[in-house]
Structures are given as structure tokens and as C-alpha cells.
Amino acid sequence: MAANRPERIFVLTGAGISAESGLGTFRDRGGLWGRFDPMRLATPEAFADDPDTVLDFYNLRRRGVIAAEPHAGHRALAAAQARLAARGGRLFLCTQNVDDLHERAGARDVVHMHGELLRIRCLACGSAFDRRGDLHRTEPCAACGRAGALRPDVVWFGEMPKHLDRIDAALRAADLFVAIGTSGSVYPAAGYVAQARALGIRTCELNREPSDNAALFDEARYGLASDIVHELFHSRVD
Ligand code: APR
């Protein structure tokens, strides 16, 4: 094994890796939270207060995900994950995104720390289901029959992200941390680069422009994810 060839890569992705697939980011010019108020659409309180408006917003986003296609950046990441696995290494793919573009590009075991738009969950019995069609407030749960208890299985502001123990264990075991297409503005994900540095793990940022955390990265490549992801992973995971 070449000395500097990473064998356990922790990759964190954000909305920027899906931007060229036509899915909006949150904080760029024209981003989702510049057009909509997240406190009225992405909190448990907003859902309790006005479920129809929240469900309309997520039904629209879900249709957008279904219509979108993964691009070369998603595919390069999935290919690197497969090459690394074939030689006994590991690319742990943690995403803040709620779309399924990583999976559709061939990535395995994708960890969705903010949940998944193509799943719904019952507040009454806790059952969760894959979901492609629109969700309406009065729909009964297929498991417990309770009507009006189904919600998008995404993590809203004020809720705990998912899979934090798995993420923490994978970060501790990594020898390279790569952040792709994230502004580094929402915790706990925004804190992972500092955790990696404290663990002596090499860090790399791939983004269209320097993120809020840019100063914490050992190296960076700026440009479009559909270009720079392939460049980095082709050179690092040959
Ligand atoms: N290629 C690479 N990077 C890009 C591209 C692109 N084509 N387009 C945009 N970017 C970068 C932007 O420069 C920005 O730094 O992607 C980043 C997107 O940042 P945000 O919109 O803040 O998205 P993200 O970091 O994923 O947000 C984190 O905030 O609202 C919550 O739950 C939501 O998961 C989301 C979290």
C-alpha cells in the first residue's frame, strides 16, 4: 500500500453535490432558505401548526428529487467507494442531503444524518416507509391505521440528527476526511472537520467556493462538484 494512499476515507456531503442535478441548495443566492422561512417549514412546531403547508413543501421537494438524476460527481464517489472496498479499505459516505442521488449513482450504505425525503414516518407507532408519491395529512398509517400521524422522515431544525454513533465511530477510524458541497454552517456536521483535525486526520474540502470552515482544511479544491470530485478521487483512490 502506498504510504500516502488513504484506506479509510470519511466523506461528508451537502446540498452542493446535488446542485448540478437541479436540486436547490439552502444558503446560496436563490437558495431554499432565502426563498422560504425554515422556521415555518422545517420544524416540528411548524408541522403541528400548519401540516398542510409543510406537507405541500415536502411533496414538491420529493417530486424534484424523483425527477433529478445523479451526475459525474455522485458517480465518481460511488466508484471510489467500490474500488476502496475491493482492496479492503472503506469510504464511509455520510450525507446531510435527503435525496437518493448517491444511492442511484451506486453508492452503498449511505448514512443520511438528516433523514430521507423518500421515506415517511408515523408519529403514532414509529413505523417508517419508503414513499415516492405525495403525502396528505389525513392519510392513515399502513401499520397502525392512525390517520393524520404521518410525516416526512427528515430531521427538522431542533431535532436530533440520525446515526450519530455510527458517524462518530467512522470519523475516529478515518485516515482522510473529505467535505463536499457543504457550507459548514449547520452542526453537528459543521464540527466534523475540527474533530478530524483533533484526531490528526488529514482534511480536504471540495466546494464551489471556500466554506465557513475553509481555514480548518489541510487542502481544498474549488470548482463544480461534477468536475472536482472525480479529480480528487481518481488521484487518491487509483
Ligand atoms: N459544486 C460544489 N459546491 C457547490 C455547488 C456545486 N455545483 N453549488 C453549490 N455549492 C456549495 C456552495 O458554495 C455552499 O457552500 O455547496 C454549499 C451548499 O451549502 P448549503 O446550501 O448551506 O447546504 P448544506 O451545507 O448542505 O446545508 C446543511 O442545512 O438547512 C440545513 O438540513 C439542511 O442539510 C442541510 C444543512
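The values are calculated or read from the model by the stated rules, or taken from the named source; none is laboratory data. Predicted model, so just to flag it, every value in this text is computed and none were measured. Heads up, the Cβs are rebuilt from the backbone with ideal geometry, glycines too, and the neighbour counts pull from every protein chain shown. Accessible surface areas use protein heavy atoms only, side chains included; no ligands, DNA or RNA. Shrake-Rupley method; radii C 1.70, N 1.55, O 1.52, S 1.80 Å.
A few remarks follow.
- Considering only the chain, percent of DSSP beta bridges that pair antiparallel, nearest 5: 25
- Screening the chain for whole DSSP H helices with an alpha carbon extent of at least 27 angstrom along the helix axis and a mean Kyte-Doolittle hydropathy of at least 1.6 yields nothing.
- Restricting the chymotrypsin sites (Phe, Trp or Tyr not before Pro) of the range 136-232 to loop positions (DSSP other than H, G, I, E, B) with no more than 15 neighbouring Cβ atoms within 10 Å leaves Phe157.
- Charge dipole (debye, nearest 20) of the range 163-233; +1 at Cβ of Lys and Arg, -1 at Cβ of Asp and Glu: 140
- For the residues Leu23, Leu164, a 1.4 Å probe over the protein chains yields an accessible-area ranking, largest first, of Leu164, Leu23.
- Relative contact order of the range 1-134, defined on C-alpha pairs under 8 angstrom at six or more residues apart (%): 26
- Around the Cα centre of the chain, unit charges on the Cβ atoms of Lys, Arg, Asp and Glu (plus for the first two, minus for the last two) sum to a dipole of about 500 debye.
- The smallest convex shape that holds all Cα atoms of the range 59-120, its convex hull, gives 71 Å³ per residue.
- For Glu139, the residues 5 or more places off, or on other chains, whose built amide H falls under 5 Å of its own are Gly148.
- Its Cα gyration tensor gives the range 137-186 an equivalent ellipsoid, and the semi-axes of that ellipsoid, as √(5λ) in whole Å with the largest first, are 34, 15, 9.
- With contacts taken as Cα pairs under 8 Å at a separation of at least 6 residues, the chain carries a relative contact order of 24 percent.
- Semi-axis lengths, largest first, of the ellipsoid equivalent to the range 1-99 are 35, 14, 12 Å, with √(5λ) applied to each eigenvalue of the Cα gyration tensor.
- Since only Gly22, Ala79, Gly64 are under comparison, the one whose Cα sits farthest along the positive direction of the charge dipole of the range 1-87, derived from C-beta charges on Lys, Arg, Asp and Glu, is Ala79.
- Kirkwood radius, the range 40-143, all distinct C-alpha pairs, inverse of mean reciprocal distance: 15.5 Å.
- Mean projected area in nm² (Cα convex hull; one quarter of hull surface) for the range 74-219: 10.1
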